[in-house]
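Step one of this worksheet: look at the structure below.
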Amino acid sequence: MATRPLLLLWVASPPLALAGAAAAVALLWLAAWTLKWAWWTPRRLDRALRAQGLKGTRYRLFTGDVRENARLNREARAKPLPLGCHDIIPRVLPMLHNVVKENGALSFTWFGPTPRVIIPEPESVREVLSNKFGHFGKPRFSRATKLLADGVANHEGEKWARHRRILNPAFHQEKIKRMLPVFATCCIDMINRWENSMSSKGSSEVDVWPEFQNLTGDVISRTAFGSNYQEGRRIFQLQGELAERLIQSFQTIFIPGYWFLPTKNNKRMREIDWEIRKILRGIIGKRVKAFKNGESNNDDLLGLLVESNMRESNGNVKLGMTTEDMIEECKLFYFAGMETTSVLLTWTLIVLSMHPEWQEKAREEVLNHFGRARPDFDSVNRLKIVTMILYEVLRLYPPLILLSRRTYKEMVLGGIKYPSGVNLILPIIFIHHDPTIWGEDASEFNPQRFADGISNASKHQAAFFPFGGGPRICIGQSFALLEAKMALIMILQRFSFELSPSYIHAPYTVITLHPQHGAQIRMKKL
């Protein structure tokens with residue numbers, strides 16, 4: 001008798017009954033998928049890792065260690081470090097620091113339902129980055145994460161190879177060499193601004209963190225977009241806000257479908273993305289049209305990209321980049337190009353203020369080579385002490401403190417069998433600070449360790465990788481280092497500097513390694 005109402009419903013309205021049945025099936029499927037995603041798969045991966053002898057945190061349903069990580073970060077950020085302390089790991093990565101201390105160097109934590117295994121050995125890191133067998137891929141990024149930049153750094157397989165091939169000409173040494181005058185012009189503008197703000201005694205206090213962000217934003221705007229650099233400056237302002245909002249979203253972003261919720265943060269991130277794309281679509285459209293009409297030049301990164309793309313595709317869209325592809329690569333120019341160099345320069349001035357003896361050595365080298373004249377490309381690359389200092393700053397304060405890869409099939413690495421679906425954390429900052437690799441003074445500033453080059457600086461040739469490694473090594477590393485050298489040289493020519501009493505030593509991460517309370521430096525004109 002109980003089936004009669006259902007039967008009557010079916011007779012009266014077959015589509016309604018079908019819709020109800022479909023909804024019931026969909027709910028059952030969703031429940032089964034959620035159970036597998038949030039419970040069965042994490043438990044299976046946990047057993048597989050522990051069976052290999054690995055130790056780690058206990059999996060918490062849905063959240064993993066996200067809440068604990070957020071709590072530890074809040075506590076760490078409330079406590080600055082002593083001046084001169086370069087042992088920054090407990091502050092910038094408190095969760096991983098505690099896990100390693102409790103469970104050993106090869107241990108794991110949970111980001112939502114995904115285990116993240118820390119890979120502490122340089123040889124294993126080199127094997128992952130070389131990716132000879134193609135089984136260590138980039139993790140799958142959320143929609144929100146891709147807003148910041150979804151260019152060649154995130155692509156895989158043939159798309160990565162095609163984009164890298166098209167981009168390579170723009171970052172060839174001869175092309176970068178032609179950009180040196182732009183670097184110098186932007187540096188002079190910044191230095192003139194500092195000099196004009198000085199007191200009658202020829203000194204002033206400068207927060208160099210926003211100054212270097214403006215400098216590198218100006219450089220990437222001019223070198224990427226040439227005469228359109230004012231439009232470009234708006235992009236880097238928007239991307240700075242987007243990075244901050246993205247960090248906020250990391251507390252909940254692993255929840256499936258969270259990106260689609262109409263939260264205030266999600267809505268603002270979409271607005272920023274829309275504005276960035278609108279600006280870039282206009283710039284790129286004008287440049288492509290001009291190139292087709294024979295009116296464009298290739299003096300900037302965008303011009304080189306358009307030229308290389310046209311040559312590579314030869315009219316076949318499948319062989320080149322679409323406009324949307326070029327938008328993503330331009331977003332990557334901005335974020336990676338601005339962040340890497342501004343972070344490096346900021347920590348370099350902070351560290352040289354803490355170690356005035358090395359500041360004097362660098363200044364003496366610069367004045368011996370150039371006096372007060374503008375540096376030239378060949379001489380810049382012959383500066384040994386300046387190069388040693390920048391390498392040592394990159395070792396102690398790498399812009400990116402870790403890299404991440406994912407296993408897409410069962411793989412053996414360092415004698416451990418990792419199942420598919422595990423994230424591998426390549427902890428740049430852990431390896432850069434490891435005393436078994438760098439010596440007992442690993443947490444001290446000692447540029448002398450690089451006197452005989454990178455390969456002889458430590459006990460393992462793969463222990464220094466601030467720009468990554470393998471075939472996916474950062475395409476813009478030469479650009480970033482040349483820009484940093486030019487800025488540092490011109491500052492050393494004109495100023496001596498020391499930390500302001502208001503400076504608080506508090507490194508922390510917002511995608512890259514930032515000074516939490518700014519970088520207040522006292523500048524004195526020479």
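The values are calculated or read from the model by the stated rules, or taken from the named source; none is laboratory data. A quick note: this is a predicted structure, and the numbers were derived from the prediction, not measured. Here Cβ is always computed from backbone atoms with ideal geometry, including for glycine, and neighbour counts include all displayed protein chains.
Please work out which one of (1) over 30 Å from ARG164 (Cβ atoms); (2) modelled with pLDDT under 95; (3) assigned to a strand (DSSP E or B) is the condition THR509 fails and give its number. Against the list (1) over 30 Å from ARG164 (Cβ atoms); (2) modelled with pLDDT under 95; (3) assigned to a strand (DSSP E or B), THR509 comes up short only on (1). Taking the stretch 37-114 and the helices (runs of 4 or more DSSP H) fully enclosed by it, the elements with 1 or more residues that are within 23 Å of the chain's Cα centre (by Cα) are at 66-77, 89-92, 94-103.
Among the residues of the stretch 95-113, the one identified as in contact with a strand residue (DSSP E or B) (Cβ under 6 Å, 6 or more places away or on another chain), modelled with pLDDT under 95 and not hydrophobic (A, V, I, L, M, F, W, C) is GLY112.
Within the stretch 149-182, the residues that satisfy the criterion of being within 22 Å of the chain's Cα centre (by Cα), of a type in the set (A, V, I, L, M, F, W, C) and assigned to a helix (DSSP H, G or I) are TRP160, ALA161, ILE166, LEU167, ALA170, PHE171, ILE176.
What about GLU324, is it under 27 Å from MET486 (Cβ atoms), in a helix (DSSP H, G or I) and charged (D, E, K, R)? Here the answer is no, as GLU324 does not meet what is asked. Quick check: is even one residue across the stretch 387-404 more than 19 Å from ALA506 (Cα to Cα) and not in a helix (DSSP H, G or I)? The answer is yes; a qualifying residue exists. Tallying residues that are more than 25 Å from PRO181 (Cβ to Cβ) and not in a loop (DSSP other than H, G, I, E, B) within the stretch 458-501 yields 7. Evaluate the stretch 132-150: report whether one residue or more is touching a Leu at 6+ places or on another chain (Cβ under 8 Å) and modelled with pLDDT of 80 or more. Yes, that holds for at least one residue.
Looking for something in a helix (DSSP H, G or I), free of Cβ contacts under 8 Å to residues at least 12 places away in the same chain and within 23 Å of the chain's Cα centre (by Cα) - is there at least one such residue anywhere in the stretch 134-147?
yes
From the list LYS485, LYS524, the lone residue that is at pLDDT 95 or above, more than 17 Å from the chain's Cα centre (by Cα) and under 22 Å from PHE171 (Cα atoms) is LYS485. In this entry, ASP218 is excluded by the filter for residues that are of a type in the set (Asp, Glu), surrounded by fewer than 18 Cβ atoms within 10 Å (Cβ to Cβ) and within 23 Å of ILE521 (Cα to Cα). With the requirement that a residue be surrounded by 18 or more Cβ atoms within 10 Å (Cβ to Cβ), over 21 Å from GLY453 (Cβ atoms) and not aromatic (Phe, Trp, Tyr), what does the stretch 356-398 give you? The answer is GLN359, ARG363, PRO375.
Just one of the numbered conditions (1) modelled with pLDDT of 95 or more; (2) assigned to a strand (DSSP E or B) is not true of ALA442: (2).
The conditions of being touching a Leu at 6+ places or on another chain (Cβ under 8 Å) and polar (S, T, N, Q) are not met by SER379. LYS292 meets all of the listed conditions (1) basic (Lys, Arg); (2) within 24 Å of ASP218 (Cβ to Cβ); (3) free of Cβ contacts under 8 Å to residues at least 24 places away in the same chain but one, namely (2). Of the residues contained in the stretch 52-63, one or more are found to be of a type in the set (Ser, Thr, Tyr) and under 30 Å from ILE437 (Cβ atoms). Taken together, PRO466, PRO427 contain a single residue that is within 30 Å of PHE136 (Cα to Cα), in contact with a helix residue (DSSP H, G or I) (Cβ under 6 Å, 6 or more places away or on another chain) and touching a residue at least 12 places away in the same chain (Cβ under 8 Å), which is PRO466.
Pairing each residue of the stretch 51-71 that is closer than 16 Å to THR34 by Cα with any residue that is of a type in the set (A, V, I, L, M) and in a helix (DSSP H, G or I), provided the two are 6+ apart or on different chains, yields C-beta distances under 7 Å for LEU61/ALA38; PHE62/ALA38. Counting only residues that are in contact with a Lys or Arg (Cβ under 7 Å, 6 or more places away or on another chain) and crowded, with 18+ Cβ neighbours inside 10 Å, the stretch 80-109 holds 3 of them.
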